[in-house]
Amino acid sequence: MEEKIKAYLAEVKAFDSADPEEIERFRIRYLGRKGAIPALFEAFKALPPEQKRTLGKELNGLKNTAAQRVEQLKEIAQLANDPREAQDLTRPVYTEKPGTRHPVNLVKNEIVNIFKRIGFNVSEGPEVEDDWHNFTALNFPEEHPARDMQDTFFVARNPDWALRTHTSSVQVRTMESQKPPIRTISPGRVFRNEAISARSHCIFHQVEGLYIDKGVSFADLKQTLLYFAEAFFGKGTEIRLRPSYFPFTEPSAEMDVWWGLENETDYRMTKGTGWLEVLGCGMVDPNVLENCGIDPKEYTGFAFGMGVERIAMQRFQIPDIRLLFENDVRFLQQFATSF
Ligand code: PHE
């Protein structure tokens with residue numbers, strides 16, 4: 001009996017496991033009703049009293065040690081299998097990796113903030129638009145070839161609906177619902193049915209601006225755009241306005257900023273001219289004001305619109321617009337420190 005107690009005690013002390021099933025098998029083998037230790041207790045009953053005295057203590061000791069060992073191992077196994085507890089407090093901390101803003105958002109926010117500083121508010125509208133807000137109110141007559149300037153995705157279920165081709169549609173909504181003076185910026189996603197290439201995409205973002213009040217002139221437009229160009233591209237930035245055409249503005253212009261023409265990149269970026277095309281603009285056509293319920297005899301206004309991707313590509317020297325839509329973290333993480 002004494003040998004057995006010693007042998008079991010050694011086994012119990014040596015047993016180690018973090019597997020709950022194995023621990024349970026161990027418990028049954030030693031402590032279960034038909035286990036090794038109860039069997040010893042059974043045999044103990046038949047011993048002569050003097051042996052009982054010496055072995056009783058040892059037998060009880062074995063039983064307690066085995067029970068304690070089971071409890072201890074169960075507890076450890078529970079901690080090990082609980083994900084909240086599975087922490088190694090000695091391992092080095094994870095360094096915090098905050099998400100990064102998308103370069104398109106960085107640029108959009110910067111543009112919007114520049115205009116907010118001079119009193120423009122922000123307006124938004126739906127991405128699925130009706131013909132009126134995207135085209136007709138903006139002086140695109142039906143069947144007019146100017147509609148081809150912006151290849152359109154139509155919504156199959158309803159030929160009157162399309163994905164907006166510009167956020168000028170938001171400005172129509174603003175003019176319809178608010179009285180001048182209006183000073184508003186409409187940032188948003190726009191859609192054009194164009195082949196996807198390094199330079200153009202069927203989805204992109206615009207920021208368009210609108211200012212309507214009594215006596216707004218082309219000089220106000222030019223000065224506002226100069227303010228923007230200096231705020232965005234740096235003090236002393238030169239701009240030029242080239243005559244252009246948009247159905248909703250008259251006269252219309254495109255604004256370029258002087259980029260420089262010193263190296264190969266400058267040639268590539270400016271197509272060899274030194275000037276960077278930045279935005280379209282003009283005086284709101286009286287027909288548009290009238291369509292939106294604003295009296296063109298009382299009010300005049302200017303509008304402008306720019307593509308955010310194009311400006312982001314210039315600012316960050318991004319060679320391919322598709323990079324802005326692929327969400328490749330290796331690309332996006334380069335902008336981690338840009339805000
Ligand atoms: N809506 C025009 C475009 O998408 C940009 C523009 C806005 C031009 C306002 C003039 C005035 O190209």
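The values are calculated or read from the model by the stated rules, or taken from the named source; none is laboratory data. None of the values given here were measured: they were computed from a predicted structure. All Cβ positions, glycine included, derive from the backbone under ideal geometry; neighbour counts span all protein chains shown. The accessibility values were calculated without ligands, DNA or RNA, using every heavy atom of the protein model including side chains. Shrake-Rupley method; radii C 1.70, N 1.55, O 1.52, S 1.80 Å.
Can you work out ³J(HN,Hα) from phi for every residue in segment 72-79, in order, using Karplus 6.51 cos²θ - 1.76 cosθ + 1.60 and θ = phi - 60°, giving whole Hz and x for Gly and Pro?
4, 5, 4, 5, 4, 4, 5, 4
If I take every Cα pair under 8 Å that is 6 or more residues apart in segment 17-100, average their sequence separation and divide by the length, what percent do I get for the relative contact order?
37 percent
As an exercise, use a Förster radius of 56 Å and the Cβ-Cβ distance of residue 41 and residue 189 to find the FRET efficiency, rounded to the nearest 0.05.
On the way: r = 80 Å, r/R0 = 1.42.
Step by step, r from the Cβ atoms, then E = 0.10.
Measure nothing but the geometry: give the 0 to 90° angle between the long axis through the Cα atoms of 218-233 and the longest principal axis through the Cα atoms of the chain, rounded to 10°.
Long axis of 218-233 versus the principal axis of the chain: about 30 degrees.
Obtain the nm distance between the two label points defined at residue 298 and residue 271 by a simple spin-label model: each point lies 7 Å from its Cα along the Cα-to-C-beta direction.
The two pseudo-label positions are separated by 4.2 nm.
Within segment 182-199, find all residues whose amide N lies under 15 Å from a label point positioned 7 Å from the Cα of residue 331 along Cα-to-beta-carbon.
In segment 182-199, the label zone of residue 331 (backbone N under 15 Å from the point 7 Å along Cα→Cβ) covers 196-199.
Looking at the chain as a GNM with Cα springs under 10 Å, which of 219, 137, 66 has the largest mean-square fluctuation?
Between 219, 137, 66, it is 66 that shows the largest mean-square fluctuation.
Which value in deg cm²/dmol, rounded to the nearest 500, describes the helix-derived mean residue ellipticity at 222 nm for the chain, given -39,500 (n - 2.57) per DSSP H run of n ≥ 4 and division by the residue count?
Details: 12 runs with 137 residues, N = 339.
Only helices count here, giving -12500 deg cm²/dmol.
Relative contact order for the chain: what is it in percent, counting Cα pairs under 8 Å that are at least 6 residues apart? Please report the intermediate quantities before stating the final value.
Details: 512 pairs, mean separation 52.8, N = 339.
Answer for the chain is 16 percent.
Take residue 220, project a point 7 Å from its Cα along the Cβ direction, then tell me which residues of segment 233-253 have their backbone nitrogen under 19 Å from it.
Residues passing the 19 Å test: 248-253.
With a Förster radius of 22 Å, plug the Cβ-Cβ distance of residue 95 and residue 315 into 1/(1 + (r/R0)^6) and report the FRET value to the nearest 0.05. Don't skip to the answer; put the middle values down first.
Values: r = 28 Å, r/R0 = 1.28.
Computed FRET efficiency for residue 95 and residue 315: 0.20.
With the alpha-carbon atoms as the only input, what is the per residue convex hull volume for segment 182-233 in Å³?
Details: hull volume 6.0 nm³, N = 52.
Taking only Cα atoms, segment 182-233 has a hull volume of 115 Å³ per residue.
Can you give me the accessible area per residue for segment 2-80, using a 1.4 Å probe, in Å²?
Values: 5450 Å² over 79 residues.
Ligands and nucleic acids excluded, the result is 69 Å² per residue.
Using the Cβ atoms and a cut-off under 10 Å, what net charge is assigned to the surroundings of residue 181, where Lys and Arg are +1 and Asp and Glu are -1? Before the final figure, lay out the partial values.
Numbers: positive: 179, 183, 214; negative: 213.
Residues near residue 181 contribute +2 overall.
For the pair residue 105/residue 25, report the inter-label distance in nm, with labels modelled 7 Å from Cα in the Cβ direction.
Placing both labels 7 Å along Cα→Cβ, they lie 5.3 nm apart.
On a full-extension model of 0.36 nm per residue, what is the gain between residue 202 and residue 113, subtracting their alpha-carbon distance, rounded to one decimal in nm? Walk me through the numbers before you get to the answer.
Details: separation 89, 0.36 × 89 = 32.04 nm, distance 2.63 nm.
Between residue 202 and residue 113, full extension yields 29.4 nm more.
Skipping prolines and chain starts, which residues have an amide H placed within reach, meaning under 5 Å, of the one on residue 193, given they are 5 or more residues away or on another chain?
151, 152, 153
Rank 328, 82, 256 by mean-square fluctuation in a GNM of the chain with C-alpha springs under 10 angstrom and give only the top-ranked residue.
For the chain, modelled as a Gaussian network with Cα springs under 10 Å, the answer is 82.
Would you mind telling me the share, in percent, of accessible area of the chain contributed by carbon and sulfur at probe 1.4 angstrom? Please list the in-between numbers first.
On the way: 10000 of 19630 Å².
Carbon and sulfur: 51 percent of the exposed surface of the chain.
Viscosity 1.306 mPa s, temperature 10 °C: Stokes-Einstein D of segment 103-335 from its Kirkwood Cα radius, in µm² per second? Kindly include the intermediate steps, with their values, before the conclusion.
Details: Rh = 18.4 Å.
In µm²/s, the coefficient rounds to 86.
For q = 0.11, 0.14, 0.23 Å⁻¹, what log10 I(q)/I(0) does segment 168-261 give under the Debye formula with an equal point scatterer on each alpha carbon and no solvent?
Per q value, in the given order, log10 I(q)/I(0) is -0.43, -0.70, -1.38.
Residues of segment 312-338 with the amide nitrogen closer than 15 Å to a label point 7 Å from the Cα of residue 263, along Cα-to-Cβ, please.
The answer is 316-318, whose backbone nitrogens lie closer than 15 Å to the label point.
Specify the angular offset, from 0 to 90 degrees and rounded to the nearest 10, of the alpha carbon long axis of helix 2-14 from the longest principal axis of the alpha carbons in the chain.
Relative to the chain, helix 2-14 is tipped by roughly 10 degrees.
Rounded to the nearest Å, what's the spacing between the alpha carbon centres of segment 31-69 and segment 245-287? Just the number, please.
Centre-to-centre (Cα) distance: 97 Å.
Can you list residues from other chains, or at least 5 along the same chain, whose modelled amide H is less than 5 Å from the amide H of residue 244?
252, 253, 254
Taking the chain as a Gaussian network, Cα atoms linked when under 10 Å apart, which of 323, 40, 221 shows the biggest mean-square fluctuation?
40
Using the heavy atoms of the protein chains alone and a 1.4 angstrom probe, what is the accessible area of segment 131-257 per residue in square angstrom?
Details: 6040 Å² over 127 residues.
Each residue of segment 131-257 exposes 48 Å² on average to a 1.4 Å probe.
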